């Protein structure tokens, strides 16, 4: 049953992605509205899939690379829905939904791993740690995409060659505001995720901090985003500089999420977890 909902979610996301791409190319608002509705239906299916996975596993469904990609895809769509309510930027879906769908496609190609969940990971702290961390990542993805859109729009304006994207993308002020809010909310969730992660580590390994590669790179990611938040709030950074730093921070985040797990040995790595049958 879980697999069925996963496949249905992927199919619906693919349809929504195609619709959003058609929307930004042809500027057809009706297609955009329907694509948004289809995406919401896919998000509902995705939520059901994650709920069933949680029920069958008995722990948060993000303990393997396959399930983590799916969960991250869900958080990105969730973040988009939240910011769409506030900013009314439907064109954002033309970038966000295909990106989220791409993560689901990758997830679908990863073999299913069998793991055994220890009782200590069935409490409240692991879901809180994983949920806040990945939702923060999803919001940072929105900031990343807003930064890319900002640089594209700015380049068109400065070159005085207003291409097709100029009339399709939001104003620079709207994109900068979206980036600002996403960075702040994402940083808050990332901070909560790190605190709850240390609590999980204490309960599992008897230590709040063990200098595990994932812990170190998570701290590096946190420091980078902390610097960005400081520069935006205290130094008044806006626009181009903030956009470039948002992109840089997100690339570090992606390395922390993917690269560290496979390139560096540690108790957080997916291979290590599956080998030892620990979440």
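Observations
- Segment 1-136: relative contact order as a whole-number percent, Cα under 8 Å and 6+ apart: 30
- Alpha-carbon geometry of segment 185-261: the Rg and the Dmax are 14.0, 44 Å, given in that order.
- Between residue 48 and residue 191, the distance separating the two model label sites (each 7 Å from Cα on the Cα→Cβ line) works out to 3.9 nm.
- Legend: P(r) of segment 1-75 from all alpha carbon pair distances, 5 Å bins from 0, whole percents, reading 3, 18, 23, 20, 14, 10, 7, 4, 1, 0.
- Label-reachable residues, segment 1-32, where backbone N falls under 12 Å from a point 7 Å from residue 55's Cα toward its Cβ: 1-2
- For segment 45-105 versus segment 170-248, the spacing of their alpha-carbon centroids is 20 Å.
- Label-zone membership for segment 48-71, site residue 4, 7 angstrom Cα→C-beta point, backbone N under 11 Å: none
- In terms of its alpha-carbon gyration tensor, segment 2-275 comes out oblate; a/c meets the 1.5 threshold, while b/c is at least as large as a/b.
The numbers here are math on the coordinates, done by the rules we state, and not lab data. Only a predicted model underlies this, so the values are computations on that prediction, with no experimental measurement involved. Glycine also receives a Cβ, built like all others from the backbone with ideal geometry; neighbour counts cover every protein chain displayed.
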